[in-house]
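Below is one structure; the comments refer to it alone.
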Amino acid sequence: MIIWINGAFGAGKTSAARELIDLIPNSTFYDPELIGAGLRRLLPQKRLAEVTDFQDLPIWRRLVVDTAAALLAEMPGVLVVPMTLLRQEYRDEIFGGLASRRIPVRHVLLSPEETILRQRIADRVEFPDDPEHSERVRQWAHQHIESYRAALHWLTQDAHTIDTGALTPSETAGLIAEAVTSGAAPPCEIVQTPEPTGETVAAGVLLFDEHDRVLLVDPTYKPGWEFPGGVVESGEAPAQAGIREVAEEIGIHLDRVPKLLVVDWEAPHPPGYGGLRLLFDGGLLTGADAGRLLLPGSELRGWRFVTEEEAATLLPPTRYERLRWALRARERSTVLNLEAGVPVG
């Protein structure tokens, strides 16, 4: 299990986390800041200059998950993680990656009043021997208060919130431990199927509106948009997997077997294993049907109908090529064989 302590700089996350490991049996302190520090030494300056925050690096988010899993394999128990996450898509990606490893996350938000937060930042001295560096850190923290304020609408809905304005780190840790033990801070609902250990077969279903726009969904557990669908289970026919996934993901029950449009072979690119990706034509989704569309909050955060041009801005390149050729196959009433999104044969 992971207890993820979120909050703005100055909320008291690290101090409370260090107190908490004395209250939670078999717990270990895990600071993802160390991964950012390591990447500053590992990555070339050109790559680092492309981002303003190491959280914007996909490798950081991946390593946060991989390191947590490795730590729990080495020392089973509880990881206490004090780390600010203000972008919901990053929270979804990291927590979804942990869910794929069967690691539940209890999300706690430390949220003192803004006046107290600003005072704590002003009083903090990070580097006693380097006043200029300390001042830069304080300025950075003040600048991020606005981002924190903007994120509160989803943070307060997602996390168990504790006002730490009048609390000591020890008192804060006590409230966190109580919330975890009592269930007031339950495991996050984000779910994801386990990461594959070999090549997989996945089935996606294209659904269209009256204007021939295609339906895309926005998963909570990974960045980017996707088609409704998922991995074909053992002993399951691919078309039936597509029907099942559409019902599970958006609450639409297809009344016929969808027509195959493309078979795409996706090459393995570590850490991914690749495999076969099939796209089916699920037909028309009327406005009335779309009005009944239901999203499981633990898996999908949104949906929309898009044109082919709009899809190019939302889908990863290979996935977009798969869609593009599926639309051509639909126009020609044929089936296309692809390799990495490119027709062959």
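The values are calculated or read from the model by the stated rules, or taken from the named source; none is laboratory data. Owing to the predicted nature of the structure, the values given are computational and were not obtained by experimental measurement. Every residue, glycine as well, gets a Cβ built from its backbone with ideal geometry; the counts of neighbours run over all protein chains shown. All accessible areas refer to the heavy atoms of the entire protein, side chains included, with ligands and DNA or RNA removed. Shrake-Rupley method; radii C 1.70, N 1.55, O 1.52, S 1.80 Å.
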Which condition does residue 109 not pass, out of (1) farther than 24 Å from residue 18 by Cα; (2) open to solvent by less than 40 Å² (accessible area, probe 1.4 Å); (3) not acidic (Asp, Glu), if it passes all the others?
(1)
Checked against (1) closer than 17 Å to residue 177 by Cα; (2) open to solvent by less than 50 Å² (accessible area, probe 1.4 Å), residue 36 satisfies every condition except (1)
Close pairs (9 angstrom Cβ cut-off, 6 or more residues apart or separate chains): among the charged types (D, E, K, R) in region 230-241, part of a loop (DSSP other than H, G, I, E, B) and at pLDDT below 95 anywhere:
none
When you check residue 147 against the structure, is it surrounded by fewer than 17 Cβ atoms within 10 Å (Cβ to Cβ), at pLDDT 90 or above and not acidic (Asp, Glu), yes or no?
no
Options 304, 292: the member that is charged (D, E, K, R), open to solvent by 40 Å² or more (accessible area, probe 1.4 Å) and at pLDDT 85 or above:
304
I'd like the full set of residues that are open to solvent by less than 40 Å² (accessible area, probe 1.4 Å), under 25 Å from residue 11 (Cα atoms) and touching a helix residue (DSSP H, G or I) at 6+ places or on another chain (Cβ under 9 Å), limited to region 66-92.
68, 78, 79, 80, 81, 82, 83, 84, 85, 86, 90, 91
Would it be correct to say that residue 49 is closer than 22 Å to residue 147 by Cβ and modelled with pLDDT of 90 or more?
yes
Quick one: which of 173, 141 is open to solvent by less than 50 Å² (accessible area, probe 1.4 Å), modelled with pLDDT under 85 and of a type in the set (Gly, Ala, Ser)?
141
